[in-house]
Amino acid sequence: MRRKPARTIDLRMLSMLGILVVMWTLFRLKTGDYYFGGDSIANLSRDMATWTILAGGMTLIIVAGHIDLSVGSLLALTAATCAYLINDEYGCGWSATLAVPVTLLIGLAIGLYQGFLVAYFRIPAFIVTLAGLFMFRGITQKISARDPRVPDESWVSAFGFQHLPPTAGWCLAGICCAGLGAWVWWGRKRRRSLGIAPGNPVVDCVKVIAPGAALLLFVYKVNQARGIPLQTLVMACALGGVHFIARYTRFGRRVFAVGGNPQAARLSGVNVERTTLGVFALMGLMTGLAGVLWMAQNQGSTKNAGTFYELYAIAACVIGGTSLMGGRGSILGTFLGGLVMATVIQGMDYTDLENWLQLVVRGGVVAIAVGIDVASKDPAPWMRRLAETARFRRRGDPETTSAGD
């Protein structure tokens, strides 16, 4: 007998999509036709690329039950290091072909270093990464003292300013839509072969049509300007890779097991220390990639690179449904959370909101998101009592009813 499939519609995802639609509509009415035009959408996707890549790695860190406060400083360090290696006036004068892989390896090595302290020395990740926040920012100031620049002719600079031609963008969108349809069809076929109910075909069609339509609309709008920014493509590939690791690999399943219950995971044969080391190593690699993109977009490095980016990354994760208590999260949710955060930032910029008030609003968004997450998973006693009272009022209190009779 086939089991009845579980509900496959994520209400939190739908609520975030609704919030995005409302914000886009309000900002469009407030700022005029430019908002939600080709240039506006391209700028939105490009500006969110670096810290959304950080958020992709941060998702697995938080799912595993840890936190990384150093990613903004590490982004600055890797950006400064890559610019210094390429710069031929004050730096080493290396080619980007050599400097970029070295920078990624440096990010990976630092991630391994922090993960080793957390996993094998049992130092809380909060303390290790807080120390890294200060250390990496200090080293960045030394490396960036002479403001190293990247030559315009370097191929890595293209990732800061170049766009995919419109024809190539349409071809890529068509390939992605076809691949998504094939993936959903293969999933249904595989579940049927295992004797599992394949699920509602209408829901599966929505899973293909909705993101496919969104992708085609995105390509149509950005092609009205200059095409898809290369930074956006790098972000999509990075998030896609982390999504695959989280959902379809043994390592990803172990990360969720460790975050849900470390002791139970250990008793089940999961090497908790190695898993912790792995998520920090992946975070370091993603940070190195984000640092290279930041350097390309700014054609060099400054000591203030990546300021507040650790907070943006954490905010994107939490808004997207990643639980700060560990064991729950998704890359798709993180991407939507990053899109919500980027929309808030861009919308406030377009409405000329004062800088101090922008900071207040950003902090308020993070606080509300964390509050909703905590209340949904472990509500306070007064919230439980309020929920019980509301439930009794809807159903009718049996004691009150019998007394009235």
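The values are calculated or read from the model by the stated rules, or taken from the named source; none is laboratory data. Source: prediction; values computed, not measured. When we count neighbours, we look across all protein chains shown, and the Cβ atoms used for this are built from the backbone with ideal geometry, even at glycine.
Tell me, yes or no, whether the stretch 25-45 has at least one residue that is of a type in the set (Ser, Thr, Tyr) and closer than 30 Å to PHE134 by Cα. So far as the stretch 25-45 goes, yes, one or more of its residues are of a type in the set (Ser, Thr, Tyr) and closer than 30 Å to PHE134 by Cα. What is the residue count in the stretch 1-55 for residues that are part of a loop (DSSP other than H, G, I, E, B), among the small types (Gly, Ala, Ser) and at pLDDT below 80? Of the residues in the stretch 1-55, 1 are part of a loop (DSSP other than H, G, I, E, B), among the small types (Gly, Ala, Ser) and at pLDDT below 80. Would you check if there is a residue in the stretch 119-127 being within 24 Å of ARG254 (Cβ to Cβ), touching a Leu at 6+ places or on another chain (Cβ under 6 Å) and either assigned to a helix (DSSP H, G or I) or in the same structural domain as MET325 (by TED's automatic domain parsing) (or both)? Checked the stretch 119-127: at least one residue is within 24 Å of ARG254 (Cβ to Cβ), touching a Leu at 6+ places or on another chain (Cβ under 6 Å) and either assigned to a helix (DSSP H, G or I) or in the same structural domain as MET325 (by TED's automatic domain parsing) (or both). Checking each residue in the stretch 294-308 for being surrounded by fewer than 24 Cβ atoms within 10 Å (Cβ to Cβ) and part of a helix (DSSP H, G or I) picks out GLN297, ASN298.
Counting the residues of the stretch 56-102 that are outside any loop (DSSP other than H, G, I, E, B) and more than 21 Å from the chain's Cα centre (by Cα) gives 14.
Out of ALA213, ALA197, ALA225, one residue alone is in contact with an Asp or Glu (Cβ under 6 Å, 6 or more places away or on another chain), farther than 23 Å from CYS317 by Cα and not β-branched (Val, Ile, Thr). It is ALA225.
Within the bounds of the stretch 200-212, is there any residue that is at pLDDT below 95, part of a loop (DSSP other than H, G, I, E, B) and not assigned by TED's automatic domain parsing to the domain that holds GLY327? Yes. Evaluated against (1) surrounded by fewer than 17 Cβ atoms within 10 Å (Cβ to Cβ); (2) without any contact (Cβ under 8 Å) to a residue 40 or more places away in the chain, GLY212 falls short on exactly one condition, (1). Going by the conditions given, is GLY278 under 29 Å from GLN358 (Cα atoms), small (Gly, Ala, Ser) and buried (at least 20 other Cβ atoms within 10 Å of the Cβ)? Answer is no for this residue. Residues in the stretch 246-273 that are exposed (fewer than 14 other Cβ atoms within 10 Å of the Cβ), over 20 Å from the mean Cα position of the chain (by Cα) and of a type outside the set (S, T, N, Q): ARG250, ALA264, LEU267, GLY269. If I filter the stretch 132-147 for residues that are assigned by TED's automatic domain parsing to the domain that holds VAL234, of a type in the set (Ser, Thr, Tyr) and closer than 30 Å to LEU117 by Cβ, do I get at least one hit? Yes.
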